[in-house]
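The values are calculated or read from the model by the stated rules, or taken from the named source; none is laboratory data. Keep in mind that this is a model prediction, so the values were computed, not measured. All Cβ positions, even for glycine, are placed from backbone atoms using ideal geometry, and neighbour counts span all protein chains on display.
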């Protein structure tokens, strides 16, 4: 791609190494880059699957935010390079106020969804791996659809209803071996037989959203 993708601030990683702790920071420039490339019609990496996100952001920029983490974290004994989460706060005492203040200090608002990306991975990864990780996390912001596959819009806001989405296919290998592939798995196999639409790279990143769910 002709553009230079956003890289994490080096001082974030340096300070984390000095303190021997994971540090996090807002990634406003990453959000701008994602909007320009993935979520804008005519963008170099535009994907219409994410148009519902673009529609929500056009109405309310607080819908989504990005953050850098100085390094990966571990979840269920696996390294997490990225995570999409619906922002929720602990109740009780000053916990909620403290967490809300952190969001406002970082972004100036409280986002509905927050995508956190491992800065150390992105500092050294190639463009293909970087884009794969970003797109994987975007897909976790799902849109509600009716039985005909049409997007469901909120009566209150007039905007698409959204949810934290799981993968299209979720099944154990042993079940498929013993009982065969269901319709979703069969669709995945058919897609896998075709040449990749964007790249030849298989996703090599672990996702915190997937591990939690």
What are the residues in segment 87-99 that are under 24 Å from residue 12 (Cα atoms) and either within 17 Å of the chain's Cα centre (by Cα) or in contact (Cβ under 8 Å) with a residue 40 or more places away in the chain (or both), if any? 87
Just give me the residues in segment 192-213 being modelled with pLDDT of 55 or more and exposed (fewer than 11 other Cβ atoms within 10 Å of the Cβ), in sequence order. 192, 193, 194, 195, 196, 197
Please go through segment 1-23 and pick out each residue that is at pLDDT 90 or above, touching a helix residue (DSSP H, G or I) at 6+ places or on another chain (Cβ under 8 Å) and not in a loop (DSSP other than H, G, I, E, B). 12
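Taking only segment 131-153 into account, find how many residues are over 19 Å from residue 82 (Cα atoms) and at pLDDT 90 or above. Please lay out each step first, then the result.
Of all residues in segment 131-153, those over 19 Å from residue 82 (Cα atoms) come to 143-153.
Checking which are at pLDDT 90 or above leaves us with 143-148, 150-153.
Total meeting the criteria: 10.
Let's see how each residue does on (1) part of a helix (DSSP H, G or I); (2) in contact (Cβ under 8 Å) with a residue 40 or more places away in the chain; (3) under 26 Å from residue 21 (Cβ atoms); (4) in contact with a helix residue (DSSP H, G or I) (Cβ under 7 Å, 6 or more places away or on another chain):
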| residue | (1), (2), (3), (4) |
| --- | --- |
| 102 | yes, no, yes, no |
| 105 | yes, no, yes, no |
| 109 | no, yes, no, yes |
| 116 | no, yes, yes, no |
| 120 | yes, yes, yes, yes |
| 128 | yes, yes, no, no |
| 133 | yes, yes, yes, no |
| 142 | no, no, no, no |
Being under 17 Å from the mean Cα position of the chain (by Cα), assigned to a loop (DSSP other than H, G, I, E, B) and either surrounded by fewer than 16 Cβ atoms within 10 Å (Cβ to Cβ) or at pLDDT below 95 (or both): is that true of residue 79 here? no
From the list 73, 84, exactly one residue is under 18 Å from residue 163 (Cβ atoms) and touching a residue at least 24 places away in the same chain (Cβ under 8 Å). Which is it? 84
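Given the condition modelled with pLDDT of 85 or more and part of a helix (DSSP H, G or I), answer yes or no: does some residue in segment 167-180 qualify?
At the first step, the residues of segment 167-180 found to be modelled with pLDDT of 85 or more are none.
Looking through segment 167-180, none of the residues is modelled with pLDDT of 85 or more and part of a helix (DSSP H, G or I).
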Within segment 48-81, the count of residues that are over 30 Å from residue 158 (Cα atoms) and touching a strand residue (DSSP E or B) at 6+ places or on another chain (Cβ under 9 Å) comes to 11
Does residue 45 satisfy the criteria of being in contact (Cβ under 8 Å) with a residue 24 or more places away in the chain and touching a strand residue (DSSP E or B) at 6+ places or on another chain (Cβ under 8 Å)? no
What about residue 159, is it touching a residue at least 60 places away in the same chain (Cβ under 8 Å), within 28 Å of residue 32 (Cβ to Cβ), touching a strand residue (DSSP E or B) at 6+ places or on another chain (Cβ under 8 Å) and surrounded by 13 or more Cβ atoms within 10 Å (Cβ to Cβ)? yes
Please work out which residue is modelled with the lowest pLDDT, limiting yourself to segment 56-76 and to residues that are crowded, with 16+ Cβ neighbours inside 10 Å and assigned to a loop (DSSP other than H, G, I, E, B). 72
Within segment 26-42, considering residues that are assigned to a helix (DSSP H, G or I) and touching a strand residue (DSSP E or B) at 6+ places or on another chain (Cβ under 6 Å), the one farthest from residue 130 (Cα to Cα): 31
